[in-house]
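**Q** Structure below; questions to follow.
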Amino acid sequence: MLATEKVQPTRKLPWRTATVREIIEETPRVRSLSLDIPDWPGHRPGQHVDIRLTSDDGYQAQRSYSIASAPEAAELLVTVERIEEGEVSPYLSSEVIVGDKFELRGPIGGHFVWSAFMTEPLFLVAGGSGVAPLMAMLRHRAAAGNKNPALLVYSSRSFDDIIYRKELAALAARSDGLKVVHTLTRQQPAGWTGEKKRIDPEMLSRVGFSPKEQPRIFICGPTQLVESAARALIELGHDAGLIKTERFGPTGA
């Protein structure tokens with residue numbers, strides 16, 4: 001569920017019928033839906049879609065979700081975290097089954113986007129399910145064969161809450177310039193050697209790119225994480241014009 005920092009004008013986009021082709025259980029609270037959408041126009045990594053559900057009595061509920069798949073993928077992937085009080089996420093994260101259909105429109109957003117043709121280092125900071133649009137960037141980067149330096153600093157509550165855990169490990173193992181740094185803020189398994197605190201200026205300075213490298217920075221997650229990370233990076237000397245943010249409600253890490 002997203003609220004972009006820079007609001008984009010909404011152009012007229014048609015509602016399309018999305019069919020659930022596959023369900024991927026990412027964590028106990030998060031699943032990804034692979035969707036087949038006729039006449040999908042394509043998207044850029046970092047964009048999102050609106051999903052609309054209609055009940056039998058005509059009541060409608062609508063929410064926005066980041067696109068997690070690369071533009072090169074055959075089907076669209078959205079990753080949904082269950083929000084207990086939500087109107088849309090409980091159905092998408094717990095009840096929907098393969099073959100179900102719902103309305104979707106997009107792609108939406110032109111501010112929080114990245115292309116593998118960009119040559120600057122890529123600096124990604126995520127909290128919880130905020131990793132979804134950043135995963136689209138990393139998948140696109142791998143598909144395009146981009147080998148420019150890239151870094152993901154990813155905060156999760158616990159090891160079991162890490163979304164895309166195995167795929168992130170596989171991407172980092174490609175030795176193509178990507179480094180993934182995990183931090184677990186609430187619970188760490190025995191033998192954990194990663195970070196054990198919330199993302200802070202010290203961590204970003206120690207593991208991140210130097211401001212002199214002028215990385216393109218994308219931050220997505222809960223509002224508090226996004227604001228504190230953006231503020232810290234600016235204080236560390238990074239160009240505010242190279243920092244793009246997207247935020248959602250108080251969930252995640």
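**Q** Could you calculate the contour length gain from Ser175 to Ser210, that is, 0.36 nm times the residue separation minus the distance between their Cα atoms, to one decimal place in nm?
**A** The span from Ser175 to Ser210 would gain 10.5 nm if fully extended.
**Q** Right, another one. Counting other beta carbons within 10 Å of each Cβ, put Asp200, Asp57 in order, fewest first.
**A** Final ranking by Cβ density, sparse to dense: Asp57, Asp200.
**Q** What is the angle, in °, between the Cα long axis of helix 131-144 and the longest principal axis of the Cα atoms in the chain? Nearest 10 is fine, range 0 to 90.
**A** With rounding to tens, the tilt is 80 degrees.
**Q** Would you calculate a helix-derived [θ] at 222 nm for the chain, using -39,500 (n - 2.57) for each DSSP H run of n ≥ 4 and dividing by the full residue count, to the nearest 500?
**A** Taking each H run of at least 4 residues, the total per residue is -5000 deg cm²/dmol.
**Q** I've got another one for you. Under a cut-off of 26 Å between alpha-carbon atoms, report the lysines in cross-link reach of Lys101, not counting same-chain residues fewer than 8 places apart.
**A** Candidates past the 8-residue exclusion: Lys12.
**Q** Sticking with this structure for a sec: Taking one equal scatterer on every alpha-carbon of region 122-248, how large is log10 of I(q)/I(0) by Debye at q = 0.22 1/Å?
**A** Treating every Cα as an identical point scatterer, log10 I(q)/I(0) equals -1.43.
**Q** Run the count for region 122-248, please: Lys pairs, Cα-Cα under 19 angstrom, 8 or more apart or on different chains.
**A** For region 122-248, the number of qualifying lysine pairs is 6.
**Q** Still on this model: With 10 angstrom as the radius, rank Arg52, Arg139 by how many other C-beta atoms surround their C-beta, starting from the fewest.
**A** Arg52, Arg139
**Q** If you don't mind, there's one more thing I want to ask. Sequence gap at least 6, Cα distance under 8 Å: using those rules, report the relative contact order of region 118-199 to the nearest whole percent.
**A** After rounding, I find 29 percent.
**Q** Let me ask another. Can you sort Met118, Met135, Met203 so the residue with the fewest Cβ neighbours within 10 Å comes first?
**A** Final ranking by Cβ density, sparse to dense: Met118, Met203, Met135.
**Q** So how tilted is helix 223-235 from the main axis of the chain? Cα-based, degrees 0 to 90, rounded to 10.
**A** It works out to around 30 degrees.
**Q** Rounded to the nearest angstrom and ordered from largest down, what semi-axes does the equivalent ellipsoid of region 3-108 get from its C-alpha gyration tensor (root of 5λ)?
**A** Largest first, region 3-108 gives 19, 17, 15 Å.
**Q** What fraction of the DSSP beta bridges in the chain is antiparallel, stated in percent and rounded to the nearest 5?
**A** 55
**Q** While we're here: Please compute the contact order of region 3-108 in relative form: average sequence separation of alpha-carbon pairs under 8 Å and at least six residues apart, divided by the residue count, as a percent.
**A** 35
**Q** Taking the convex hull of the Cα atoms, report for region 75-123 its projected area averaged over all directions, in nm².
**A** For the Cα atoms of region 75-123, the hull's average projected area reads 5.7 nm².
**Q** To the nearest 20 Debye, how big is the dipole of region 122-248 about its Cα centre, given +1 on the beta carbon of each Lys and Arg and -1 on that of each Asp and Glu?
**A** 240
**Q** Under unit Cβ charges (Lys, Arg +1; Asp, Glu -1), what dipole magnitude, rounded to 20 debye, does the chain have relative to its Cα centre?
**A** For this selection, approximately 700 debye.
**Q** While we're here: Above 22 Å lies some portion of the pair distances; for the chain, what is it as a whole percent of all C-alpha pairs?
**A** Of all Cα-Cα distances in the chain, 52 percent exceed 22 Å.
Since every read-out is calculated from the coordinates, none of them should be taken as a lab result. Note that the structure is a prediction, hence the values are computed from the model and not measured. Cβ: placed from backbone, ideal geometry, glycine included. Neighbour counts: every protein chain shown.
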